[in-house]
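First comes the structure, then the notes that go with it.
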Amino acid sequence: MNVHEYQAKQLLREHGIPVPDGVPVFNPDDARRACDALPGPVWVVKAQIHAGGRGKAGGVKIARSKHEVEELAKSMLGMTLVTPQTGPEGKVVNRLYIEAGVDIRREIYLAMLVDRVTSGITLMMSGEGGVDIEETAAHRPEAIIRKHINPAVGLLPFQVREVAKQLGGSAAFGRNLGDFLQKFYKAFVAMDCSMAEVNPLIVTGDDRIIALDAKLNFDGNALYRHPHIQALRDISEEAPSEVQASKFDLSYVALDGDIGCLVNGAGLAMATMDILHYAGGKPANFLDVGGSATTERVTEAFKILVADDVKSIFVNIFGGIMKCDTIANGIVTAARTLDLTVPIVVRMEGTNVELGKKILADSGLAIVSADTMADGAEKAVALAKQKQA
C-alpha cells in the first residue's frame, strides 16, 4: 500500500524524524489559509499523487507570495500529471501539499528497502540526490552507496560512520546523519515498510538534516497491525479493478496484456505469466485467488477479468488447500451468472481434480481443458489471437 507525501511525512514526524511544516489542501480557498499557518516568504506547492517524478512534470512549484500560492493551486488542482511512473495516461491531481520553504545547502538521496537477496534491509544513499537520481543510478551506479542491514542487529554505528565518510561533510553533519538514520531505520521496521524513500534528504546551512520529500510503501500482509496506516489509503489513486479485488481478498495487479489469469498461489501465478510469455502471449493481470477461495470469490475474480476486456482466460489451479471442485463450481457459476463469451482454458491438478473436471465437463459450457501448463498456455494464446482476428 502507498500513501501520499504529506501522509508519509506525518508518519515520519510521529517517529521523531524532522520534516518541513506543511498543510494539505483540497481546494484553492484552503491554499491561502495554509500560507497563513506557515512561515514565509517562500512556499512550495506540491501535487499529491502516488507516483514519483513530479518535479520534472510540473507538479512541484515554488511560490513567493500568498497570491501566487492561490493561483498555483487553481491551476494544479484537477490537472493530469504525467510522469515516468504514471504511464502516458497520467494521474489527476485531487490534492496539494503547501509546504514552508527551507534553506537547502545540499541534497542527498536516501532509501531503505526489504532486500530478498540478502534476507535483510538495504540502505541506499547518494550525494547526488534530487530529480536526476534515476539517471545517476542508470549511468553512474558507483555513485550509489549500499549498506546491507541484518535485522537481527539493526543499523550499526560503524555502517553509519562509513556512509557519512563516503558522503563527506562536517563532524556535525556526521552526528546529525547518524541520529537521522537510526530513527529512520526504527520507523521503517516499526511501520512494516517494504520501501521508504526520501529524495531529497536535505542538509541546511547549519547542518540540520530534514526529509524534504517522503515516499513510503507498506507490506500489505502486515497492515492488520497498523489500522491507522490502513485509514490513509486513497482508493482514487488505485485502479478500480484492484480496489474491487481487495474487497474480496484477491491478490490482483493489472497488467497490459490480453489474456486473463486466474491462479491459486503467488508462485504459480508468476510461473503462469512466464509461460504465457514463452507461448507468445501477454498476461492481462496477476490474480491469486489464494488457498481459501469460495465460489463467490471465484465469481468476483471472473467479473474483474471480464472488465479488463481480455481475449481469453487461463485458469491454472494446483489443488492443495484449494480444492479443484471448488474452483470448478466457481467457474461454472461465474460463466452462467456473467453470461461469459470469453474463451476459458482450464488446467487443474491436485485435490479432487477428477471431480473438478467432471463438474466442468457436465456443465455443458464451452470450456477448453488442458493437460499441462504449457498446453494450457498455448491454447489460451491461440484463442486470444483468434478473438483478435
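The values are calculated or read from the model by the stated rules, or taken from the named source; none is laboratory data. Computed from a predicted structure; not experimentally measured. Please note: Cβ atoms are built from the backbone with ideal geometry, for glycine as well, and neighbour counts cover all protein chains shown.
List of remarks:
- Looking only at residues in the stretch 107-118 that are outside any loop (DSSP other than H, G, I, E, B) and more than 21 Å from the chain's Cα centre (by Cα), the one that is farthest from V160 (Cα to Cα) is E107.
- Some residue of the stretch 375-386 being without any contact (Cβ under 8 Å) to a residue 12 or more places away in the chain, aliphatic (A, V, I, L, M) and assigned to a helix (DSSP H, G or I): yes
- Matching residues, the stretch 256-268, being within 18 Å of K379 (Cβ to Cβ) and either outside the structural domain of A334 (by TED's automatic domain parsing) or not charged (D, E, K, R) (or both): G257, I259, G260, C261, L262, V263, L268
- Every condition in (1) assigned to a helix (DSSP H, G or I); (2) within 20 Å of P18 (Cα to Cα) holds for E197 except the one numbered (1).
- Within the stretch 125-147, being surrounded by fewer than 19 Cβ atoms within 10 Å (Cβ to Cβ), out of contact with any helix residue (DSSP H, G or I) (no Cβ under 9 Å at 6 or more places or on another chain) and of a type outside the set (G, A, S) holds for V131, D132, E134, E135, H139, R140, P141, E142, R146.
- The residue that is modelled with the highest pLDDT, among those in the stretch 41-58 that are part of a loop (DSSP other than H, G, I, E, B) and over 16 Å from N2 (Cβ atoms), is V42.
- Looking only at the stretch 1-32, and only at residues there that are in a helix (DSSP H, G or I) and at pLDDT below 95, the one that is surrounded by the fewest Cβ atoms within 10 Å (Cβ to Cβ): D29
- For the residues I121, I104, the requirement of being assigned to a strand (DSSP E or B) and within 23 Å of Q182 (Cα to Cα) singles out I121.
- Residue-level check: of (1) modelled with pLDDT of 90 or more; (2) part of a loop (DSSP other than H, G, I, E, B); (3) surrounded by fewer than 18 Cβ atoms within 10 Å (Cβ to Cβ); (4) on the phi < 0 side of the Ramachandran plot, Q85 misses just (1).
- F180 satisfies every condition listed in (1) surrounded by 14 or more Cβ atoms within 10 Å (Cβ to Cβ); (2) modelled with pLDDT of 90 or more; (3) among the aromatic types (F, W, Y); (4) within 21 Å of the chain's Cα centre (by Cα) except (4).
- Residue count for the stretch 45-90, restricted to those that are in contact (Cβ under 8 Å) with a residue 24 or more places away in the chain, under 26 Å from E238 (Cβ atoms) and β-branched (V, I, T): 5.
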